[in-house]
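Asks: Starting off with a structure, shown below.
Coordinate-derived values only; no laboratory data. Predicted model, so just to flag it, every value in this text is computed and none were measured. Neighbour counts are summed over all protein chains in view; Cβ atoms, including those assigned to glycine, are modelled from backbone coordinates with ideal geometry.
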Amino acid sequence: MAGKKHKAHKPLSEALSASSLYAVDMTATAETVYKHLHHQAKSAERRGDYANSHITRFEMVKDAIKRIIPNDPLNKKHALRGELSNLFRLKKGRMRICWIASSKMRRVCILFISESLRKEGDAHDPYLILQNMVSSGTFDAIFTQFGVRMPKMGSDKPQ
């Protein structure tokens, strides 16, 4: 028995096949924020400041977009309710990453990445910004392309 070799278990990331992941797209708005975060992280790295918060923030967002969201994009724990139903979000620190997903297409579209502090009613509240973008029709073509029902925005609410 001493010479018997046991099969090593693969790490979880290797055990998940690439085919089980959803493909990820980004809106131009989300991509701009992602590139900005990447640029800030690279600038800190070039200065040798590897403990910089820009690096940490970018790594959190990158991990969310490349691993967490594509593995389980339709998980109810990420679902938004009310006027933003059919959208999902992930909180990473103060970051909010919002997306829609199509199980039929096995694709995700990151709609919005925000690092604004969450303060309900504030003009910079990430959910208010997202709601305004959705209600203005910014994402209509993406909802149609993904076959996702557009959230019903209350027209009877005071502005």
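Asks: Please tell me which of these pairs span more than 21 angstrom C-alpha to C-alpha: Lys76/Lys104; Lys62/Lys91; Lys62/Lys152?
Replies: Working: Lys76/Lys104 17 Å; Lys62/Lys91 13 Å; Lys62/Lys152 30 Å.
Lys62/Lys152, as the Cα separations exceed 21 Å there.
Asks: Applying the Karplus parametrisation 6.51 cos²θ - 1.76 cosθ + 1.60 with θ = phi - 60° to the phi angles of region 20-32, what ³J(HN,Hα) value in whole Hz is obtained for each residue in order, glycine and proline being reported as x?
Replies: Listing the rounded values in order: 7, 7, 7, 6, 10, 10, 9, 6, 4, 4, 5, 5, 4 Hz.
Asks: Among 92-105, 54-67, how do they line up from the highest to the lowest mean number of other beta-carbon atoms within 10 Å? Intermediate results must be reported in sequence, preceding the final value.
Replies: Values: 92-105: 18.4, 54-67: 16.8.
Put in order of decreasing packing, that is 92-105, 54-67.
Asks: Another one. List, in order, the whole-Hz ³J(HN,Hα) value for each residue of region 147-152 obtained from phi through the Karplus relation with A = 6.51, B = -1.76, C = 1.60 and θ = phi - 60°; use x for Gly and Pro.
Replies: Values, residue by residue: x, 9, 5, 6, x, 8 Hz.
Asks: Rounded, prolate or oblate: pick one for region 22-146, where a ≥ b ≥ c are the square roots of the eigenvalues of its C-alpha gyration tensor, a/c under 1.5 means rounded, and failing that, prolate if a/b is larger than b/c, else oblate. Can you show the working numbers first?
Replies: Details: a/c = 1.91, a/b = 1.45, b/c = 1.32.
The shape class here is prolate.
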